[in-house]
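Inspection log for the structure reproduced underneath, given as structure tokens.
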Amino acid sequence: MLPPLTCRSPVTRVWIDKMGLWLTNDDWLLLSIVFFIFAMACTLYRVLNFGKAQLLDPIVIFLFFYCLFVLPLPIRAYITKEIAGDVTEHLAELLLYIPWAVFLSAIGLPFFVWGYYSNFARRFAQRLPVPRTGRHAGRAFVILAALSLFLIFQAARAFGGLSRLVLLGYGVEGKMIGKGYLAIGFTWLFVASTFLLYRYVKDRKKSSLVAFWVVFGLIVAMLTVMGRRGDIAYMLLTVTIFWHHGVRPLNIKLLTVLALVFFVGLNLFGQLRESGYSSLADFWTRTTANYSETSDSSARWYYTLSTGEFVVPFETLPQMIKSVGTDVSPEFGWTFLRAPVFAIPSVLYPNRPVALSNWYMNEFYGFDSNLYVGRQFFFLSEGYLNFGPLGIPILMYFWGLFAGVVWRFRARSENHPGVILIYSLTVAFFFVAIAGDFSTLLVGLTAQYLAAALIGLWISCGFRSPFVFRNVRAINLV
């Protein structure tokens with residue numbers, strides 16, 4: 001256990017083990033960062049060399065995004081204490097607790113690996129049903145796309161049509177109060193487009209592939225004008241995973257180039273997006289003007305790592321370490337039990353409890369209850385909120401189980417296109433779920449993506465059950 005850390009004004013030092021070693025708060029912060037990097041390096045060595053993990057396996061994708069959300073805030077806090085961008089205004093209060101948060105995050109890594117390679121995950125995946133081979137993927141695309149467009153046009157009616165809804169730009173979410181459940185049409189339209197890839201995997205006809213890229217391009221174009229960077233990132237990652245497993249394996253060099261292009265492009269996009277365009281010409285003019293104004297700033301290429309979205313969620317963990325047991329009472333598992341409630345749209349359940357992201361804003365930033373004002377709540381913060389320090393290894397173990405089941409589910413199914421579809425949608429969601437609470441994973445993944453995928457599989461199988469239970473001998477993948 002770390003010795004108690006005290007405020008660094010004036011600079012204080014902590015005596016350790018009577019060895020004469022003096023450490024400031026910044027020293028503890030640096031030590032925790034180094035410890036986390038060492039633990040992550042050991043974990044990656046284990047999974048890549050002994051676990052034979054591939055670059056797009058769930059465990060590697062999870063660890064990659066885990067680093068992206070854990071390290072940026074501690075590293076920035078070590079370099080500078082300046083408040084800028086999305087960096088929390090409570091940084092000075094949290095400096096004493098950030099090393100604890102980083103140490104606990106590192107300690108959780110072996111528990112994740114334990115769950116991932118566990119026999120329980122192997123046995124559970126062995127008993128899961130697998131999709132039938134559907135012969136009507138084109139029909140699934142048409143029906144799902146029609147349903148999605150119906151929801152989109154219903155949402156657009158209040159704004160004078162689809163074009164006006166799209167031209168709302170980055171401010172679209174604030175305008176969709178009470179109609180958020182209709183906006184699911186955009187994500188369902190993407191899932192509909194993946195059934196064109198499904199059909200290409202089955203028939204290898206170029207017409208299916210061309211149709212997919214046309215539809216996918218139109219979806220990305222709409223979301224670009226609307227400033228939906230997170231949705232675009234998720235869709236690109238899903239398509240990359242699906243392509244790798246279903247169409248053609250991608251080599252490490254190509255994946256590295258794609259990752260770099262995605263990262264730089266989405267950083268630029270985040271700085272250039274605006275709200276309230278009058279036309280597509282206005283969108284182009286304002287976007288190019290913004291680029292010219294920021295062209296001399298090198299920070300635009302990586303601001304998400306220094307002052308943007310990757311420094312936001314992790315702040316909630318040191319805040320929970322500081323507050324749980326003093327200012328905030330432990331939940332003892334209640335937030336996990338109530339998660340299914342968030343599947344009910346707020347318009348149907350006005351008294352639905354606020355999500356943890358909204359509760360956090362109310363509790364620590366003085367906001368009133370507002371379903372559309374929140375701050376991303378790091379998934380391990382929920383573990384600490386419920387069970388204190390023990391919540392970190394417990395949650396990491398169960399996340400390892402979940403990722404291990406998903407990995408073995410694909411491996412035992414011989415790359416069936418339906419399995420690849422479910423697998424890709426799930427694994428790509430890791431980067432969203434790590435930055436959210438349990439309801440983000442349970443409800444967000446299910447309602448926004450998997451529900452549409454299951455409906456599509458049902459249609460593609462001629463409106464019959466899309467799954468079959470198959471007794472497959474356990475596969476030892478390690």
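Each row is one residue, and each column tells you yes or no for (1) within 25 Å of Ala453 (Cβ to Cβ); (2) modelled with pLDDT of 95 or more; (3) of a type outside the set (Ser, Thr, Tyr); (4) under 24 Å from the mean Cα position of the chain (by Cα).
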site: Tyr97; (1), (2), (3), (4): no, no, no, no
site: Val102; (1), (2), (3), (4): no, yes, yes, yes
site: Leu109; (1), (2), (3), (4): no, yes, yes, yes
site: Phe112; (1), (2), (3), (4): no, yes, yes, yes
site: Arg122; (1), (2), (3), (4): yes, no, yes, no
site: Gln126; (1), (2), (3), (4): yes, no, yes, no
site: Pro129; (1), (2), (3), (4): yes, no, yes, no
site: Arg139; (1), (2), (3), (4): yes, no, yes, no
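Among the residues of region 238-253, those identified as assigned to a helix (DSSP H, G or I) and either modelled with pLDDT of 90 or more or under 20 Å from Leu209 (Cα atoms) (or both) are Thr238, Val239, Thr240, Ile241, Phe242, Trp243, His244, His245, Gly246, Val247.
Of all residues in region 150-186, those being of a type in the set (A, V, I, L, M, F, W, C), part of a helix (DSSP H, G or I) and either modelled with pLDDT under 85 or buried (at least 17 other Cβ atoms within 10 Å of the Cβ) (or both) number 13. Put simply, of Arg157, Arg122, Arg127, Arg164 the only residue that is within 30 Å of Gly462 (Cβ to Cβ) and among the charged types (D, E, K, R) is Arg127.
Residue by residue through region 66-88, note down the ones that are over 24 Å from the mean Cα position of the chain (by Cα) and not in a helix (DSSP H, G or I). So that I can check it myself, show each step before the final result.
At the first step, the residues of region 66-88 found to be over 24 Å from the mean Cα position of the chain (by Cα) are 78-83.
Listed by number, the residues that qualify are Thr80, Lys81, Glu82, Ile83.
Of the residues screened, Leu266 is one that is touching a Lys or Arg at 6+ places or on another chain (Cβ under 6 Å) and part of a helix (DSSP H, G or I). Can you find a residue that is crowded, with 20+ Cβ neighbours inside 10 Å, of a type outside the set (S, T, N, Q) and over 22 Å from Phe64 (Cα atoms) anywhere in region 247-255? Scanning region 247-255 turns up no residue that is crowded, with 20+ Cβ neighbours inside 10 Å, of a type outside the set (S, T, N, Q) and over 22 Å from Phe64 (Cα atoms). When Ser413 is tested against (1) at pLDDT below 85; (2) of a type in the set (S, T, N, Q); (3) assigned to a helix (DSSP H, G or I), only condition (3) is not met.
Of all the criteria given as (1) under 21 Å from Val70 (Cα atoms); (2) touching a residue at least 24 places away in the same chain (Cβ under 8 Å); (3) within 18 Å of the chain's Cα centre (by Cα); (4) crowded, with 20+ Cβ neighbours inside 10 Å, the one not satisfied by Tyr384 is (3). In the set (1) over 26 Å from Val102 (Cβ atoms); (2) in contact (Cβ under 8 Å) with a residue 12 or more places away in the chain, Phe332 fails one condition alone, (1). Filter region 8-48 down to the residues that are polar (S, T, N, Q) and at pLDDT 50 or above, then identify the one that is farthest from Leu73 (Cα to Cα). The selected residue is Thr43.
At least 3 residues that are among the hydroxyl-bearing types (Ser, Thr, Tyr) in each: list the helices (runs of 4 or more DSSP H) lying fully within region 299-372 that qualify. It comes to 303-306, 356-365.
The values are calculated or read from the model by the stated rules, or taken from the named source; none is laboratory data. Fair warning: this is a prediction, and the values are worked out from it, not measured in the lab. So basically every Cβ, Gly included, is an ideal-geometry build from the backbone, and we count neighbours across all protein chains shown.
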